[in-house]
Amino acid sequence: MTQIPPGAFAQPGTSLEFKTGSWRVQRPVHRHRAAPCHAACPAGEDAQAYLARVEVGDLQGAWETLVSANPLPAITGRVCPHPCETACNRGQYDEAIGIHAVERYLGDEALRREWPYPVPAPGSDAPRVAVVGAGPAGLAAAYHLLRGGCRVTLVEALAAAGGTVRTAIPRYRLPLDTLEAETARLLALPGLDFRPHTQLGRDVSLEELRSEHAALFLAPGRRKGQEWNADFAIPGDLHTGLHLLETWVAEGTLPDHPGAVAIVGGGNTAVDLSRVLRRQGVPSVHLITHQRIPAPGVPAEDVMRANPREVAQAVEEGVTIHEHRGVRRLILRGERVVGMELVHMKKLPDADGRLQRVAFEGTETVLHVDHVIPAIGQEVDPAGFEALVERGRIPVDPWWGRVQGQTHLFAGGDARGDHGSVSEAVGDGRRAALGILAVLAGESLEPPTPPEPVPFSDLNLHYFEPAPAAREPVLPPQERRGLEEVEGGLDLHGVRHEAHRCLSCGECLACDNCWTLCPDQAVLKTRERAADGSHYVFDYDYCKGCGICARECPTGYIRMES
Amino acid sequence: MSAETARHDAKTLRHQQPRFRGLEAGHRACQGCGEALAARLVTEAAGPDVMVANATGCLEVFTTPWPQSAWRLPWIHSVFGNAAAVAAGMEAALKQQGRRTRVLAFAGDGGTFDIGFQALSGMMERGHDVLFVCFDNEAYMNTGVQRSGSTPHAAMTNTSPPGTARMGKRHMKKDILAILAAHRIPYAATASVAYPSDLRKKVRRAMDTGGPVFLQVHSPCPLGWGHDSDLTVQVARLAVQTGLFPLVEMERGELIGTLPIREVRPVTDYLRLQQRFRHLFAGDFRAEKELEHLQAIADRNIERFELRGGGKERYDTEGADTVHRGGDRWA
Ligand SMILES: Cc1cc2nc3c(=O)[nH]c(=O)nc-3n(C[C@H](O)[C@H](O)[C@H](O)COP(=O)(O)OP(=O)(O)OC[C@H]3O[C@@H](n4cnc5c(N)ncnc54)[C@H](O)[C@@H]3O)c2cc1C
Ligand SMILES: Cc1ncc(C[n+]2csc(CCOP(=O)(O)OP(=O)(O)O)c2C)c(N)n1
Ligand code: SF4
Ligand code: SF4
Ligand code: SF4
Ligand SMILES: [Mg+2]
């Protein structure tokens, strides 16, 4: 056989001896970054993470990921105004992911299948923490304290847990069964001592709680209706909107309101009450608000505070909304209201640039109504902890919720006074619990730097296909009479469709793009997960740093770094 | 370290990859070389039981700096012009020996359109069972970017500089696919590094078809085209989306398939990213005229191959590379 001289051949794959990695100026790295949905969720949920579990069919894992932040998904999935969806990158591509519907589905599945909360039983030497108020903030705090190994005394003035969600949110938005099931499961967690009918300031004092517990979290909500301090005459028998609404939620009836009713206010109470009145058969329901109906392009400070979809549904149900309108005076015949004088108003900057409401002279109109109901807001009832309350709210450190000037006393939820939603209350409860755990461990409390969410421009959209969002069934307006839930939720098919549409912002979806497109075989695929959570490893011995992988990564998970 | 995650030793991992590595790391191609990517993809899909005859050019040079080789398959360097002839000889010898190993011929556009053309035409005419792959980077790159018969009209190379007399290359890009199709071979197709699954499918189809078959792979050259190395795939994709590089398949000279363009992009989207077309953005009337000329060429391609898609399809310029969790796109 002919011998080939050594100068004429080379052994296969021997180029590996030459490390082309030395040519590199920048190196690709895997960088998990928060998805916008995650960064925007007030409760701290990482929707991207649980949508990924749903997509691979692991529903229980998805729920566990979800409840590592928010223990009340069946509730928030129904009532949260879902800022996650407003922030969702996919909204800039076609339609935002229906995150709330996935959240709701997982919450309901957990109830149906009784998936256990990932909470350990507390040790015998576990510290005791007291939580006042079993609304969303208190429940979330208790849950996260239990998760952190504490025992919790949960003190609640009323007979049952749930807070405003139980007392004021109408059942056609949140069925009682769901509320009861989700709160009952939390109350049954090991290490939780739930004390209903126990009001701080009446049945127990702050000092008593302090002496028996290592730390305290106060979440009393804002339960006291604000006085309508109008500079005009008002009838003596005026009920506040919240009072009427709570009566209806508790008893299912309201005093008769024939004819026309005007509700003054633009928040959840005003809108819910308007819808309840329509269900009660009141022919003409008016809502008077300084602000505007939520719509694209309306600046945030000018938008009604109620959830946008509730406002839209109220309009569908025949509620008349008078935007940018204020009440000048009530037109009375004796004690009886026969109408009201309205005026056009708008918030405009004053000499110092601060926004002030301006009423425009010459725009007065008269609205004929038989009843007027103020629904202008609530404040903290300070009985029992007066020293902590300033102008109707408890001032706290905005991240951890530690009460100013205190070390082991935290507060959150509506009582903070700077926000008013269930998911914000849950987030407050969670952060306060983490703060308490840190304080009990002798650590100092530094506010973390908020994550930079992955911007839309960092995604490579070429690799995704447009797909319309799955639509929830919604009860037609003419059928919305009783307590039947208006929104029907998605079925498993719809939920998986939404999970499949998720762009996986900032997280590897194991698409193989980098592995497929590297000209240098410098991206290696692993069978298990690699240490950084992806399925790929960069071989920096050979990576020349061309940047193709980072450019073609659909999710913005690869960054070029010097 | 949890049970599920593991730190990986790249050396071990490299040898456990769930795909055939015809072209190994350590080759000396420039950063972001489209030709290296194309050769990697082609050998992955064609291998492992193949032999390669490779014409002179970048691919040959950057893979075999003696005494090393980046190839993991039997490979021979022919000369610049005769890859097809060498491959034909290899195929005849294997046939004689009764072996099933298949033969590939690799060449750049110079080694295909120009100097390699007569050997290629002869091999096709004689009917050898060889897949000839042209790595089309649209110029003689290895010798420092000289124009070839494949260089597009108006592109700047060192031998077609823009100046007062002309705006880059005066002549048109040769329609090599039509010439090959005129040999009435069983299969001839174009592919692009921007559409790897399409490319692999075409390699497999060619291998399954057998006989003299031909594949022209559009392979951006960051150095010669003057674009950032991370834009290789993006540039290749735009060539397809504008209609300047149509992805088509022909059997026995008849058009049998195209990759429809869902959203046709203006040629300027493609041209603007590349220094070789920089002079077309000077804003003067000559530049404007050349831009219109190139747009007309793209329009004519779209018309001729009926490339305009009819809405959203799985197999079109937007759907063909849609990703899924878990990577089943490449299966
Ligand atoms: C009509 C209406 C509709 C709403 N709709 C929505 C909606 O759709 N989506 C949304 O996200 N949010 C909605 N909200 C707001 C939401 O209900 C609140 O933001 C949320 O419940 C606040 O939670 P919290 O735990 O801070 O307080 P709360 O839910 O008010 O809970 C406070 C709890 O503390 C108890 N408590 C108070 N004082 C004491 C004391 N001294 N001792 C012991 N216990 C005490 C109370 O009895 C109560 O159970 C709505 C509010 C209203 C009024
Ligand atoms: C007969 C002959 N003429 C000229 C050369 C010099 N030469 C080597 S590679 C090359 C150009 C290769 O161009 P192409 O085939 O397009 O491959 P690329 O390098 O662009 O991949 C030339 C002209 C040669 N090797 N042999
Ligand atoms: S696409 Fe998915 S990950 Fe991205 S913001 Fe929307 S839900 Fe979150
Ligand atoms: S390209 Fe795909 S597989 Fe690679 S890191 Fe990005 S998401 Fe993960
Ligand atoms: S000159 Fe172009 S074709 Fe040659 S190795 Fe560099 S990038 Fe690749
Ligand atoms: Mg070339």
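Brief remarks follow.
- Restricting attention to the range A:190-210, the residues that are within 11 Å of ligand 1 (Cβ to nearest atom) and not in a helix (DSSP H, G or I) total 11.
- Selection status of A:TRP248, in a helix (DSSP H, G or I), of a type in the set (Phe, Trp, Tyr) and in contact (Cβ under 8 Å) with a residue 12 or more places away in the chain: yes
- Residue in the range A:361-376 that is surrounded by fewer than 14 Cβ atoms within 10 Å (Cβ to Cβ) and within 28 Å of the chain's Cα centre (by Cα) present: no
- Hey, B:SER150 at pLDDT 95 or above and either part of a strand (DSSP E or B) or touching an Asp or Glu at 6+ places or on another chain (Cβ under 8 Å) (or both) or not: yes
- Any hit, the range A:61-70, residues being in contact with a Ser or Thr (Cβ under 8 Å, 6 or more places away or on another chain), modelled with pLDDT of 95 or more and farther than 30 Å from A:ASP539 by Cβ: yes
- Leading residue by the ranking (farthest from ligand 4 (Cβ to nearest atom)) among those in the range B:109-121 that are farther than 23 Å from B:ARG204 by Cβ and touching a residue at least 40 places away in the same chain (Cβ under 8 Å): B:SER121
- Identity of the residue in the range B:71-86, under 19 Å from the mean Cα position of the chain (by Cα) and in contact (Cβ under 8 Å) with a residue 40 or more places away in the chain, that ends up nearest to B:LEU120 (Cα to Cα): B:ALA84
- Applying the condition of being within 14 Å of chain A (Cβ to nearest Cβ) and in a helix (DSSP H, G or I) to the range B:204-224 and asking which residue is nearest to ligand 6 (Cβ to nearest atom) yields B:LEU223.
- B:VAL323 fulfils the conditions (1) part of a helix (DSSP H, G or I); (2) under 22 Å from A:CYS553 (Cβ atoms) except for a single criterion, (1).
- Residue match in the range B:68-81 (condition: within 16 Å of ligand 6 (Cβ to nearest atom) and either of a type in the set (A, V, I, L, M) or in contact with a Cys (Cβ under 8 Å, 6 or more places away or on another chain) (or both)): yes
- Residue selection: A:VAL474 fails the criterion of being closer than 20 Å to A:HIS38 by Cα, more than 7 Å from chain B (Cβ to nearest Cβ), among the hydrophobic types (A, V, I, L, M, F, W, C) and more than 16 Å from ligand 2 (Cβ to nearest atom).
- Subset of the range A:238-256 (residues that are at pLDDT 90 or above and touching a helix residue (DSSP H, G or I) at 6+ places or on another chain (Cβ under 8 Å)): A:GLY241, A:LEU242, A:LEU244, A:LEU245, A:GLU246, A:TRP248, A:VAL249, A:ALA250
- Residues that are more than 8 Å from chain B (Cβ to nearest Cβ) and farther than 15 Å from B:ASP9 by Cβ within the range A:533-562 comprise A:SER534, A:HIS535, A:CYS543, A:CYS549, A:CYS553, A:THR555, A:GLY556, A:TYR557, A:ILE558, A:ARG559, A:GLU561, A:SER562, listed in sequence order.
- Qualifying positions in the range B:280-331 - touching a strand residue (DSSP E or B) at 6+ places or on another chain (Cβ under 8 Å) and surrounded by fewer than 16 Cβ atoms within 10 Å (Cβ to Cβ): B:GLU306, B:ARG308
- Leading residue by the ranking (nearest to the chain's Cα centre (by Cα)) among those in the range A:84-103 that are more than 13 Å from A:GLU498 (Cα to Cα) and buried (at least 22 other Cβ atoms within 10 Å of the Cβ): A:CYS84
- Taking the criterion of being more than 23 Å from A:PRO382 (Cβ to Cβ), touching a helix residue (DSSP H, G or I) at 6+ places or on another chain (Cβ under 7 Å) and crowded, with 17+ Cβ neighbours inside 10 Å, the residues of the range A:172-216 that qualify are A:ARG173, A:LEU174, A:THR178, A:LEU179, A:ALA181, A:GLU182, A:THR183, A:LEU186, A:LEU189, A:GLY191, A:LEU192, A:PHE194.
- Complete set of residues in the range B:52-70 that are under 19 Å from the mean Cα position of the chain (by Cα) and away from ligand 5 (no atom under 14 Å from the Cβ): B:VAL52, B:ALA53
- Here the condition is being surrounded by fewer than 17 Cβ atoms within 10 Å (Cβ to Cβ) and of a type in the set (D, E, K, R); of A:GLU386, A:GLU310, A:GLU379, it holds for A:GLU386 alone.
- Considering the range A:2-32, and only residues there that are β-branched (Val, Ile, Thr) and more than 25 Å from A:ILE548 (Cα to Cα), the residue that is nearest to the other protein chains (Cβ to nearest Cβ) turns out to be A:ILE4.
- Only residues that are more than 14 Å from chain A (Cβ to nearest Cβ) and crowded, with 24+ Cβ neighbours inside 10 Å were counted across the range B:52-81, and they come to 3.
- Single condition B:GLU138 does not satisfy, out of (1) closer than 18 Å to B:ARG278 by Cα; (2) more than 14 Å from chain A (Cβ to nearest Cβ); (3) of a type outside the set (Ser, Thr, Tyr); (4) in contact with a strand residue (DSSP E or B) (Cβ under 6 Å, 6 or more places away or on another chain): (4)
- Of all residues in the range B:9-25, those being surrounded by fewer than 24 Cβ atoms within 10 Å (Cβ to Cβ), within 18 Å of B:SER69 (Cα to Cα) and facing chain A (nearest Cβ under 7 Å) number 3.
- Residue pairs whose Cβ atoms lie under 7 Å apart, sitting 6 or more positions apart in sequence or on different chains, and linking a residue in the range A:114-137 that is at positive phi to a partner that is in a loop (DSSP other than H, G, I, E, B), are A:GLY133/A:GLU156; A:GLY133/A:GLY163; A:GLY133/A:ALA219; A:GLY133/A:PRO220; A:GLY133/A:GLY221.
- Once the range A:520-532 is narrowed to residues that are facing chain B (nearest Cβ under 7 Å) and among the basic types (Lys, Arg), the residue that is nearest to B:ALA29 (Cα to Cα) is A:LYS525.
- Residue in the range B:134-141 that is more than 16 Å from ligand 4 (Cβ to nearest atom) and surrounded by fewer than 18 Cβ atoms within 10 Å (Cβ to Cβ) present: no
- Filtered by the rule that a residue be of a type in the set (A, V, I, L, M) and within 14 Å of chain A (Cβ to nearest Cβ), the range B:296-330 gives B:ALA320, B:VAL323.
- Taking residues in the range A:211-227 that are part of a strand (DSSP E or B), and partners anywhere that are modelled with pLDDT of 95 or more and within 14 Å of ligand 1 (Cβ to nearest atom), the pairs with Cβ atoms closer than 6 Å and at least 6 places apart or on different chains are A:LEU216/A:ALA130; A:LEU216/A:LEU209; A:PHE217/A:VAL131; A:PHE217/A:ALA141; A:PHE217/A:PHE410; A:PHE217/A:ALA432; A:LEU218/A:VAL132; A:LEU218/A:ALA411.
- Residue-level analysis places A:THR253 among those that are more than 29 Å from A:VAL155 (Cα to Cα) and free of Cβ contacts under 8 Å to residues at least 40 places away in the same chain.
The values are calculated or read from the model by the stated rules, or taken from the named source; none is laboratory data. Predicted, not measured: the structure shown is a model, and the values here were computed from it. Positions of Cβ are generated from backbone atoms using ideal geometry, with glycine treated the same way; all protein chains shown enter the neighbour counts.
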